[in-house]
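What follows is a single structure, written as structure tokens, with notes after it.
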Amino acid sequence: ARPAKRNAITVAMYEALTAALHAAITDEAVRAVVFLGADGVFTAGNDLKDFMANPPTGEDSAVFRLLQALVDCPKPLVAGVDGPAVGIGTTMLLHCDLVVASDRARFQMPFVKLGLVPEGASSVLLPARVGLQRASEWLLLGEPFSAQDAHAAGLVNAVVAPAEVDARAMAYAAALADRPPEAVRLAKSLLRDPQRQMVHEALAREGAIFIERLQAPEAHAAFMTFFTRK
Ligand code: COA
């Protein structure tokens, strides 16, 4: 929760998220993990100032370690999205098993607008999930889209009123926790394993280009445009 910056994620926040995820995986009492935003915002995505000050340099960088932890998490992941879900705020949902969005949620993957490229294995998972044509629109044009569009495309399970998002996400988690845990683990593994190698290869392919692009004049110009827009 970092409402003043719309929950934009810094390196320290990636590290905290990854540590929390690892703790949840090893704690036998934890049956599901829930991601929620704060103050009517899921997340504005990567903190762009932090991107310039502390850019990721390789696969062991904080953002990639979180993505790898999401991909390999054996326990069910649930997300409750209210308000903007930008960049990794949308791509991380591809690794969540159940997603509820509010009717005012706004999804956006503005990587290309920022001079960057898709991350989070979205270049392979998004076309598989929503079809190549829609994935091309969302990733190449990078315009925001609504919860209704995300629902129709199969990116979210349910759309509810903003006040109901947290409760619905927690209800999903409670229902998962109510199921026999070993069966849940095996079922999730059967659902995700066939794509796992492809997803890791996509993370590596995207990550190498993403790191290069962060130094590109196109990206620096786009970042400056954002910070001087007011
Ligand atoms: N990185 C760093 N700072 C960010 C940020 C980000 N990704 N997103 C928002 N902020 C900061 C703004 O600079 C602003 O800071 P200031 O008050 O010091 O000027 C503050 O958060 C509020 O942002 P603002 O744009 O005024 O809020 P909004 O409610 O009108 O819009 C968003 C919210 C999320 C739609 C909009 O901030 C946005 O599009 N952010 C950029 C998202 C982005 O490109 N992410 C990177 C994806 S790779």
Among (1) within 12 Å of the ligand (Cβ to nearest atom); (2) more than 16 Å from residue 96 (Cα to Cα); (3) at pLDDT 95 or above, the one test that residue 49 misses:
(3)
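Residue-wise test of (1) surrounded by fewer than 19 Cβ atoms within 10 Å (Cβ to Cβ); (2) without any contact (Cβ under 8 Å) to a residue 60 or more places away in the chain; (3) under 18 Å from residue 97 (Cα atoms).
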site	(1), (2), (3)
164	yes, no, no
167	yes, yes, yes
182	yes, yes, yes
193	yes, yes, yes
196	yes, no, yes
199	no, no, yes
204	yes, no, no
207	no, no, no
219	no, no, no
Check region 208-226 and report whether any residue there is away from the ligand (no atom under 16 Å from the Cβ) and over 27 Å from residue 68 (Cβ atoms).
yes
Looking only at region 40-64, which residues are open to solvent by 20 Å² or more (accessible area, probe 1.4 Å), charged (D, E, K, R) and assigned to a loop (DSSP other than H, G, I, E, B)?
59, 60
Quick check, is residue 75 outside any helix (DSSP H, G or I) and closer than 15 Å to residue 17 by Cβ?
yes
Residue count, region 101-146, condition within 16 Å of the ligand (Cβ to nearest atom) and open to solvent by 20 Å² or more (accessible area, probe 1.4 Å), comes to 14
Can you tell me which residue within region 80-100, out of those that are within 9 Å of the ligand (Cβ to nearest atom) and part of a loop (DSSP other than H, G, I, E, B), is surrounded by the fewest Cβ atoms within 10 Å (Cβ to Cβ)?
83
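Okay, residues lined up against (1) over 23 Å from residue 69 (Cα atoms); (2) of a type in the set (A, V, I, L, M, F, W, C); (3) at pLDDT 95 or above:
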| residue | (1), (2), (3) |
| --- | --- |
| 93 | no, yes, yes |
| 142 | yes, no, yes |
| 145 | yes, yes, yes |
| 156 | no, yes, yes |
| 178 | yes, no, yes |
Checking the structure you have, find out if any residue of region 26-40 is within 14 Å of the ligand (Cβ to nearest atom) and aromatic (Phe, Trp, Tyr).
no
Out of region 147-162, which residues are open to solvent by 10 Å² or more (accessible area, probe 1.4 Å) and under 13 Å from residue 108 (Cα atoms)?
149
Of the conditions (1) closer than 26 Å to residue 192 by Cβ; (2) more than 9 Å from the ligand (Cβ to nearest atom); (3) β-branched (Val, Ile, Thr), residue 11 satisfies every one except a single condition; which number is it?
(1)
Enumerate the helices (runs of 4 or more DSSP H) found wholly within region 107-189, keeping only those where 3 or more residues are under 18 Å from the mean Cα position of the chain (by Cα) and of a type in the set (Ser, Thr, Tyr).
none
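The values are calculated or read from the model by the stated rules, or taken from the named source; none is laboratory data. In this text the structure is predicted, and so the values were computed from the model without any measurement. Methodologically, a virtual Cβ is constructed for each residue, glycine included, from the backbone with ideal geometry; neighbour enumeration extends over all protein chains shown. The area values use the complete protein model at the heavy-atom level, side chains included, leaving out ligands, DNA and RNA. Shrake-Rupley method; radii C 1.70, N 1.55, O 1.52, S 1.80 Å.
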